[in-house]
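Participant: Pasting in a structure now, in structure tokens, and then I'll have a few things to ask.
The values are calculated or read from the model by the stated rules, or taken from the named source; none is laboratory data. What you see is a predicted model; the values in this text were computed from it and never measured. When we count neighbours, we look across all protein chains shown, and the Cβ atoms used for this are built from the backbone with ideal geometry, even at glycine. Surface areas here come from the heavy atoms of the whole protein model, side chains and all, with no ligands, DNA or RNA. Shrake-Rupley method; radii C 1.70, N 1.55, O 1.52, S 1.80 Å.
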Amino acid sequence: MDPVRIAVVGMGKIARDQHLPAIAGDSGFSLAATVSPHDPGVAGVPHHKSLDALLAEGPPVDAVALCTPPQVRYELAAGALKRGVHVFLEKPPGATLAEVAALEARAERVGASLFAGWHSRFAAGVAPARAWLSDRTVKQVSIIWREDVRVWHPGQAWIWEPGGLGVFDPGINALSIATHILPRPFFLKAATLMLPANRAAPIAADLAFCDTAGAPIHMDLDWRQTGPQSWDIIVETDAGTLKLSRGGAVLTLPSGTTHSEDREYAGLYARFSTLIRTGRSDVDTDPLRLVADAFLRGKREQVEAFEE
Ligand code: NAP
């Protein structure tokens, strides 16, 4: 079967760090073009400043990977789907739940595949964690996602704007894992969002969820962490404690610890390829819904202004 001709749209950090290498390493795809308003693209690959220009002038593409900030993603996705082009949405899949639902309906109508990619679900420890937890009783869960925003998001103005999610940009990765591995659905009970005096998005958040059997799930998100960084999920069960650390890469069970190499984006592209070749979509909005609920129900506290 011919490789899927794909264009990468939004040539920022994640496109260059992960999408381009993953596409190069997957024989099911060929990089047909790049799109970015300011970035010059890649030597030898056709480049346009806008997706409209690519779709109007070519080269032809079968699929696009949208690696832009979430606030501009709906228009890009809708424009691609209108032409029957398959769409891979980076996380979070949109700036609102309703726009993602509209995209899903449009993809269905035109018979194109829409994939909401949650890269953390493809971290090495996540599938075995899900399997181990499937027949366990969860007593309580602690999610600690503490990182230094100056190290991981330098110069990303969009992340502090409405729709950029602030500390939920990494925090939604934790929720994408938790919604995937925990055996019961869970929902928000209370939240406090800490907003810097000069920013529209939170720099930290404290959230209390509980699952449908009443087990408490506590989440501590903070972007002011210097020194060691934490991306940990600890699940206490009737059969002992499970710990996922390093964002899902390292799994510790009562029987020992396992760690495998990072294959998150290879896994995402394998999944996208399967969806295209089988004519299906995969649009799970559960992590985004929990974040939306935090903005809906959370108490706001103003904290010290943040300067880069
Ligand atoms: P980034 O470095 O700021 O890159 C975003 C790029 O999008 C910019 O370089 C910009 O291109 C481009 N862009 C903006 N508007 C556009 C438009 N209308 N059409 C085409 N391109 C447009 O951001 P990022 O860190 O890569 O994050 C992008 C998305 O990936 C976010 O949703 C984020 O949550 C997700 N993500 C990021 C990471 C990470 O480690 N950074 C990891 C996983 C997922 P120009 O420079 O040409 O203006």
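Participant: Looking at (1) in contact with a Leu (Cβ under 6 Å, 6 or more places away or on another chain); (2) of a type in the set (Lys, Arg); (3) part of a loop (DSSP other than H, G, I, E, B), which is the only condition Arg300 fails?
Facilitator: (3)
Participant: Of (1) more than 16 Å from the ligand (Cβ to nearest atom); (2) open to solvent by 10 Å² or more (accessible area, probe 1.4 Å); (3) of a type outside the set (S, T, N, Q), Arg121 satisfies all except one. Which?
Facilitator: For Arg121, the exception is condition (1).
Here is a yes/no grid of residues against (1) among the β-branched types (Val, Ile, Thr); (2) touching a residue at least 24 places away in the same chain (Cβ under 8 Å); (3) under 30 Å from Arg297 (Cβ atoms):
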| site | (1), (2), (3) |
| --- | --- |
| Asp232 | no, yes, yes |
| Val235 | yes, yes, yes |
| Lys243 | no, no, yes |
| Gly247 | no, yes, yes |
| Ser260 | no, yes, no |
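Participant: Do we find a residue being open to solvent by 20 Å² or more (accessible area, probe 1.4 Å), away from the ligand (no atom under 15 Å from the Cβ) and out of contact with any His (no Cβ under 9 Å at 6 or more places or on another chain) anywhere in region 61-81?
Facilitator: The answer is no, given that none of the residues of region 61-81 is open to solvent by 20 Å² or more (accessible area, probe 1.4 Å), away from the ligand (no atom under 15 Å from the Cβ) and out of contact with any His (no Cβ under 9 Å at 6 or more places or on another chain).
Participant: Give me the residue from region 165-221 that is among the β-branched types (Val, Ile, Thr) and within 17 Å of Gln302 (Cα to Cα) and, out of that set, surrounded by the fewest Cβ atoms within 10 Å (Cβ to Cβ).
Facilitator: Here the residue is Thr192.
Participant: Oh, and also: What pairs can you find where one residue is in region 165-177 and over 11 Å from Trp152 (Cβ atoms), the other is part of a loop (DSSP other than H, G, I, E, B) and near the ligand (Cβ under 8 Å from one of its atoms), and their Cβ atoms are less than 6 Å apart, with a gap of 6+ or different chains?
Facilitator: Ile172/Pro92
Participant: Please work out if Leu114 is farther than 23 Å from Leu165 by Cβ, crowded, with 24+ Cβ neighbours inside 10 Å, at pLDDT 95 or above and within 21 Å of the chain's Cα centre (by Cα).
Facilitator: no
Participant: Condition check: assigned to a loop (DSSP other than H, G, I, E, B), more than 27 Å from His48 (Cα to Cα), within 16 Å of the ligand (Cβ to nearest atom) and within 16 Å of the chain's Cα centre (by Cα). Does Gly94 satisfy that?
Facilitator: Considered against the rule, which asks whether it is assigned to a loop (DSSP other than H, G, I, E, B), more than 27 Å from His48 (Cα to Cα), within 16 Å of the ligand (Cβ to nearest atom) and within 16 Å of the chain's Cα centre (by Cα), Gly94 comes out as no.
Participant: Right, here's the next one. Return only the number of the condition from (1) open to solvent by 30 Å² or more (accessible area, probe 1.4 Å); (2) among the hydroxyl-bearing types (Ser, Thr, Tyr); (3) touching a helix residue (DSSP H, G or I) at 6+ places or on another chain (Cβ under 9 Å) that Ser260 does not satisfy.
Facilitator: (3)
Participant: Sticking with this one: Quick one: in region 21-37, of everything that is more than 6 Å from the ligand (Cβ to nearest atom) and buried (at least 20 other Cβ atoms within 10 Å of the Cβ), which residue is nearest to Pro70 (Cα to Cα)?
Facilitator: Thr34
Participant: Name the single residue, out of those in region 38-49 being among the hydrophobic types (A, V, I, L, M, F, W, C) and surrounded by fewer than 16 Cβ atoms within 10 Å (Cβ to Cβ), that is farthest from the ligand (Cβ to nearest atom).
Facilitator: Only one residue tops the list, namely Ala43.
Participant: State all residues of region 1-20 that are open to solvent by less than 60 Å² (accessible area, probe 1.4 Å) and more than 23 Å from the chain's Cα centre (by Cα); if no residue qualifies, say none.
Facilitator: Pro3 - this is the single residue of region 1-20 that is open to solvent by less than 60 Å² (accessible area, probe 1.4 Å) and more than 23 Å from the chain's Cα centre (by Cα).
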